[in-house]
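Asker: Following this message is one structure expressed as C-alpha coordinates.
The values are calculated or read from the model by the stated rules, or taken from the named source; none is laboratory data. Everything numeric in this text was worked out from a predicted model, so none of it was measured. Backbone-built Cβ (ideal geometry, glycine too); neighbour counts: all protein chains shown. Heavy atoms of the whole protein, side chains included, go into the accessibility calculation; ligands, DNA and RNA do not. Shrake-Rupley method; radii C 1.70, N 1.55, O 1.52, S 1.80 Å.
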Amino acid sequence: MSDSAPTAPPVRPPIVRPRTDHDLDACTRVLAAVHEQDGYPVNWPEHPHTWLTPAPLVAAWVAEHDGRVVGHIGLSRADDTDVAPGLWAARTGVGVETTAVVNRLFVSPAARGHGIGALLVARATAEARARDLHPVLDVVESDVAAASLYERLGWHHLATLEQRWGPEQTVNVRCYAAKPSRPPHPTPLG
(Lines give C-alpha, C1' and ligand atoms only; values in the text may rest on other atoms or scores of the structure.)
Protein backbone atom coordinates (compact mmCIF):
# COMPACT_ATOMS: atom_id res chain seq x y z
CA MET A 1 0.00 0.00 0.00
CA SER A 2 1.29 3.43 -0.92
CA ASP A 3 0.85 6.66 0.99
CA SER A 4 1.30 8.84 -2.08
CA ALA A 5 -1.65 10.67 -3.59
CA PRO A 6 -2.98 9.37 -6.90
CA THR A 7 -1.43 11.10 -9.88
CA ALA A 8 -3.53 12.76 -12.53
CA PRO A 9 -3.31 11.30 -16.02
CA PRO A 10 -0.81 13.16 -18.19
CA VAL A 11 -2.26 16.09 -20.08
CA ARG A 12 -1.92 15.51 -23.79
CA PRO A 13 -1.13 18.53 -25.92
CA PRO A 14 -3.64 19.56 -28.58
CA ILE A 15 -3.17 18.03 -32.02
CA VAL A 16 -4.03 19.40 -35.45
CA ARG A 17 -5.16 16.97 -38.14
CA PRO A 18 -6.94 17.13 -41.49
CA ARG A 19 -10.68 17.67 -41.16
CA THR A 20 -12.96 14.91 -42.41
CA ASP A 21 -16.66 15.00 -43.24
CA HIS A 22 -17.25 13.16 -39.95
CA ASP A 23 -15.94 16.24 -38.08
CA LEU A 24 -18.52 18.66 -39.48
CA ASP A 25 -21.14 18.13 -36.75
CA ALA A 26 -18.55 18.65 -34.00
CA CYS A 27 -17.22 21.72 -35.83
CA THR A 28 -20.74 23.13 -36.05
CA ARG A 29 -21.24 22.68 -32.29
CA VAL A 30 -17.96 24.49 -31.56
CA LEU A 31 -18.84 27.21 -34.06
CA ALA A 32 -22.22 27.72 -32.33
CA ALA A 33 -20.47 28.21 -28.97
CA VAL A 34 -18.04 30.69 -30.54
CA HIS A 35 -20.90 32.54 -32.25
CA GLU A 36 -22.82 32.77 -28.98
CA GLN A 37 -19.84 34.07 -27.01
CA ASP A 38 -17.89 36.09 -29.58
CA GLY A 39 -20.30 36.85 -32.42
CA TYR A 40 -18.21 34.93 -34.98
CA PRO A 41 -19.29 34.53 -37.62
CA VAL A 42 -21.05 37.89 -37.65
CA ASN A 43 -24.01 36.34 -39.50
CA TRP A 44 -24.90 32.77 -38.50
CA PRO A 45 -24.82 30.66 -41.68
CA GLU A 46 -28.08 29.05 -42.79
CA HIS A 47 -26.10 25.88 -43.63
CA PRO A 48 -23.06 25.67 -41.31
CA HIS A 49 -21.60 22.57 -43.03
CA THR A 50 -21.60 24.44 -46.36
CA TRP A 51 -20.14 27.56 -44.73
CA LEU A 52 -17.30 25.41 -43.37
CA THR A 53 -16.67 24.03 -46.86
CA PRO A 54 -16.71 27.02 -49.25
CA ALA A 55 -16.29 26.30 -52.97
CA PRO A 56 -12.67 27.50 -53.23
CA LEU A 57 -11.57 25.41 -50.17
CA VAL A 58 -8.17 23.78 -50.67
CA ALA A 59 -7.83 22.10 -47.25
CA ALA A 60 -9.20 22.24 -43.71
CA TRP A 61 -7.98 21.07 -40.33
CA VAL A 62 -9.37 20.56 -36.87
CA ALA A 63 -7.69 20.79 -33.51
CA GLU A 64 -8.39 18.08 -30.95
CA HIS A 65 -7.80 18.41 -27.24
CA ASP A 66 -8.57 15.61 -24.82
CA GLY A 67 -10.13 13.65 -27.69
CA ARG A 68 -12.62 16.37 -28.69
CA VAL A 69 -12.70 18.71 -31.67
CA VAL A 70 -12.05 22.18 -30.23
CA GLY A 71 -10.96 24.24 -33.23
CA HIS A 72 -11.02 24.60 -36.99
CA ILE A 73 -9.23 26.41 -39.82
CA GLY A 74 -9.53 26.41 -43.61
CA LEU A 75 -7.33 27.38 -46.52
CA SER A 76 -8.96 28.55 -49.75
CA ARG A 77 -8.18 30.05 -53.11
CA ALA A 78 -9.15 33.72 -53.35
CA ASP A 79 -12.64 34.54 -54.54
CA ASP A 80 -14.50 37.78 -55.23
CA THR A 81 -15.44 38.26 -51.56
CA ASP A 82 -11.82 38.31 -50.32
CA VAL A 83 -10.07 41.66 -50.06
CA ALA A 84 -6.62 40.70 -48.72
CA PRO A 85 -5.46 38.80 -51.85
CA GLY A 86 -5.90 41.89 -54.02
CA LEU A 87 -4.10 44.10 -51.52
CA TRP A 88 -1.17 41.67 -51.34
CA ALA A 89 -1.05 41.34 -55.12
CA ALA A 90 -1.05 45.12 -55.61
CA ARG A 91 1.60 45.64 -52.95
CA THR A 92 3.97 42.98 -54.28
CA GLY A 93 3.25 43.08 -58.01
CA VAL A 94 2.18 39.43 -58.15
CA GLY A 95 -1.13 37.90 -59.19
CA VAL A 96 -3.99 37.14 -56.81
CA GLU A 97 -3.59 33.48 -57.83
CA THR A 98 -0.32 33.41 -55.84
CA THR A 99 -2.23 33.79 -52.57
CA ALA A 100 -4.13 31.43 -50.32
CA VAL A 101 -6.80 32.69 -47.92
CA VAL A 102 -6.70 31.49 -44.32
CA ASN A 103 -10.31 31.37 -43.15
CA ARG A 104 -12.93 29.80 -40.90
CA LEU A 105 -10.63 29.92 -37.86
CA PHE A 106 -12.29 29.39 -34.52
CA VAL A 107 -11.44 27.79 -31.17
CA SER A 108 -13.91 26.65 -28.54
CA PRO A 109 -14.19 29.19 -25.70
CA ALA A 110 -13.64 26.32 -23.25
CA ALA A 111 -10.35 25.31 -24.91
CA ARG A 112 -8.65 28.68 -25.18
CA GLY A 113 -5.31 29.37 -23.57
CA HIS A 114 -3.60 26.25 -24.94
CA GLY A 115 -2.11 27.82 -28.10
CA ILE A 116 -4.66 26.09 -30.34
CA GLY A 117 -5.30 29.12 -32.55
CA ALA A 118 -1.55 29.51 -33.16
CA LEU A 119 -1.22 25.79 -33.98
CA LEU A 120 -4.05 26.01 -36.51
CA VAL A 121 -2.65 29.15 -38.15
CA ALA A 122 0.80 27.53 -38.35
CA ARG A 123 -0.68 24.46 -40.07
CA ALA A 124 -2.62 26.48 -42.66
CA THR A 125 0.39 28.74 -43.27
CA ALA A 126 2.69 25.74 -43.78
CA GLU A 127 0.26 24.23 -46.29
CA ALA A 128 0.01 27.49 -48.23
CA ARG A 129 3.79 27.75 -48.39
CA ALA A 130 4.08 24.08 -49.44
CA ARG A 131 1.81 24.99 -52.38
CA ASP A 132 4.02 28.01 -53.11
CA LEU A 133 1.19 30.38 -52.18
CA HIS A 134 1.31 33.40 -49.87
CA PRO A 135 -1.13 33.25 -46.91
CA VAL A 136 -3.46 36.22 -46.44
CA LEU A 137 -6.69 36.78 -44.50
CA ASP A 138 -9.47 39.20 -43.64
CA VAL A 139 -10.85 39.62 -40.12
CA VAL A 140 -13.74 41.77 -38.94
CA GLU A 141 -12.27 44.85 -37.28
CA SER A 142 -14.31 44.32 -34.12
CA ASP A 143 -12.68 40.89 -33.57
CA VAL A 144 -9.83 42.31 -31.51
CA ALA A 145 -8.76 38.90 -30.16
CA ALA A 146 -8.25 37.49 -33.66
CA ALA A 147 -6.35 40.58 -34.83
CA SER A 148 -4.14 40.34 -31.73
CA LEU A 149 -3.39 36.68 -32.50
CA TYR A 150 -2.33 37.44 -36.08
CA GLU A 151 -0.18 40.35 -34.97
CA ARG A 152 1.48 38.24 -32.22
CA LEU A 153 2.26 35.66 -34.89
CA GLY A 154 3.98 38.32 -37.00
CA TRP A 155 1.34 38.86 -39.69
CA HIS A 156 1.44 42.27 -41.39
CA HIS A 157 -1.62 44.53 -41.35
CA LEU A 158 -2.19 45.56 -44.98
CA ALA A 159 -5.20 47.86 -44.55
CA THR A 160 -8.60 48.25 -42.94
CA LEU A 161 -11.39 48.56 -45.48
CA GLU A 162 -15.16 48.81 -45.47
CA GLN A 163 -17.03 45.94 -47.13
CA ARG A 164 -20.69 45.69 -48.02
CA TRP A 165 -22.06 42.32 -46.91
CA GLY A 166 -25.63 43.03 -47.89
CA PRO A 167 -28.05 45.81 -48.79
CA GLU A 168 -28.13 47.03 -45.19
CA GLN A 169 -24.86 45.71 -43.77
CA THR A 170 -21.38 47.15 -44.03
CA VAL A 171 -18.43 45.99 -41.94
CA ASN A 172 -14.84 47.07 -41.56
CA VAL A 173 -12.32 44.30 -42.18
CA ARG A 174 -8.65 44.24 -41.29
CA CYS A 175 -6.56 42.58 -44.00
CA TYR A 176 -3.38 40.71 -43.12
CA ALA A 177 -0.58 38.89 -44.89
CA ALA A 178 1.86 36.44 -43.36
CA LYS A 179 5.49 37.45 -43.27
CA PRO A 180 7.08 36.54 -46.58
CA SER A 181 9.15 33.37 -46.39
CA ARG A 182 11.28 34.84 -49.17
CA PRO A 183 11.22 38.05 -51.21
CA PRO A 184 8.09 38.32 -53.38
CA HIS A 185 10.18 38.96 -56.52
CA PRO A 186 13.11 36.77 -57.51
CA THR A 187 16.41 38.62 -57.55
CA PRO A 188 18.00 38.45 -61.01
CA LEU A 189 21.35 36.74 -61.10
CA GLY A 190 24.15 38.31 -62.99
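Asker: With +1 assigned to the C-beta of every Lys and Arg and -1 to the C-beta of every Asp and Glu, and no other charges, what is the dipole magnitude of the chain about the Cα centre in debye, to the nearest 20? The partial results should precede the final answer.
Answerer: Details: 17 positive and 21 negative charges, 141 e Å.
Dipole size: approximately 680 debye.
Asker: Which of the listed residues, 163, 47, 107, is farthest toward the dipole's positive end in the chain, when Lys, Arg count +1 and Asp, Glu count -1 at the beta-carbon?
Answerer: Result: 107, furthest along the dipole toward the positive end.
Asker: Counting only heavy atoms of the protein chains, get the accessible area per residue of the range 104-157 (1.4 Å probe) and round it to a whole Å² value. Mind showing how you got there, number by number?
Answerer: Numbers: 2490 Å² over 54 residues.
About 46 Å² of surface per residue is accessible.
Asker: Next question, about the same structure. Kindly provide the pair-distance distribution of the range 72-145 built from C-alpha pairs, with 10 Å bins from 0 and whole-percent values in order of increasing distance.
Answerer: 19, 47, 28, 6, 0
Asker: Using only the alpha-carbon atoms, how far is helix 116-130 inclined from the longest principal axis of the chain? Give it as 0 to 90 degrees, nearest 10.
Answerer: 40
Asker: Which length gain, in nm to one decimal place, applies between residue 46 and residue 153 when the Cα-Cα distance is subtracted from 0.36 nm times their residue separation? Show your work: numbers first, answer last.
Answerer: Working: separation 107, 0.36 × 107 = 38.52 nm, distance 3.20 nm.
Extending this stretch completely gives an extra 35.3 nm.
Asker: Would you grab the residues whose amide H sits under 5 Å from the one on residue 71? Only those 5+ places off in sequence or on another chain, please, with H modelled 1.01 Å from N.
Answerer: 63, 108
Asker: So, one more: Going by a ≥ b ≥ c, the root eigenvalues of the Cα gyration tensor, does the range 54-105 fall in the rounded group (a/c under 1.5), the prolate group (a/b larger than b/c) or the oblate group? Show your work: numbers first, answer last.
Answerer: On the way: a/c = 3.51, a/b = 2.76, b/c = 1.27.
Prolate shape, in that a/c is at least 1.5 and a/b is the bigger ratio.
Asker: Could you please state how large a percent of the accessible area of the chain is carbon and sulfur, counting protein chains only and using a 1.4 Å probe?
Answerer: Percent of accessible area from carbon and sulfur atoms in the chain: 54.
Asker: Computed FRET efficiency, Cβ-Cβ of residue 37 and residue 160, R0 35 Å: what is it to the nearest 0.05?
Answerer: Values: r = 24 Å, r/R0 = 0.68.
My answer for the efficiency is 0.90.
Asker: Okay, next question. Using Cα-Cα distances under 8 Å and only pairs 6 or more residues apart, what relative contact order does the chain have, in percent? The partial results should precede the final answer.
Answerer: Values: 300 pairs, mean separation 33.8, N = 190.
RCO, the chain: 18 percent.
Asker: Next question, about the same structure. How big is D, in µm² s⁻¹, for the range 33-189 by Stokes-Einstein at 25 °C and 0.890 mPa s if Rh is the Kirkwood radius over C-alpha pairs? Present the calculation step by step, with values, prior to reporting the outcome.
Answerer: Values: Rh = 16.2 Å.
Rounded, D is 151 µm²/s.
Asker: Per-residue ellipticity at 222 nm for the chain, helices alone: DSSP H runs ≥ 4 residues times -39500 (n - 2.57), over residue total, nearest 500 deg cm²/dmol? Working shown, then result.
Answerer: Numbers: 5 runs with 52 residues, N = 190.
About -8000 deg cm²/dmol.
Asker: Summing Lys, Arg as +1 and Asp, Glu as -1, what charge do residues with Cβ under 14 Å from the Cβ of residue 140 carry, residue 140 excluded? Working shown, then result.
Answerer: Values: positive: 104, 164, 174; negative: 38, 82, 138, 141, 143, 162.
For residues surrounding residue 140, the net value is -3.
Asker: Which of the peptides 103-116, 20-33, 40-53, 60-73 is most tightly packed, and how do the rest follow, going by the mean number of other Cβ atoms within 10 Å of each residue? Could you put the intermediate results ahead of the total?
Answerer: Working: 103-116: 18.6, 20-33: 15.6, 40-53: 14.1, 60-73: 20.5.
By packing density, highest mean first, the sequence is 60-73, 103-116, 20-33, 40-53.
Asker: To continue, here is another question. What distance in nm lies between label points placed 7 Å from Cα along the C-beta direction at residue 141 and residue 12?
Answerer: 4.3
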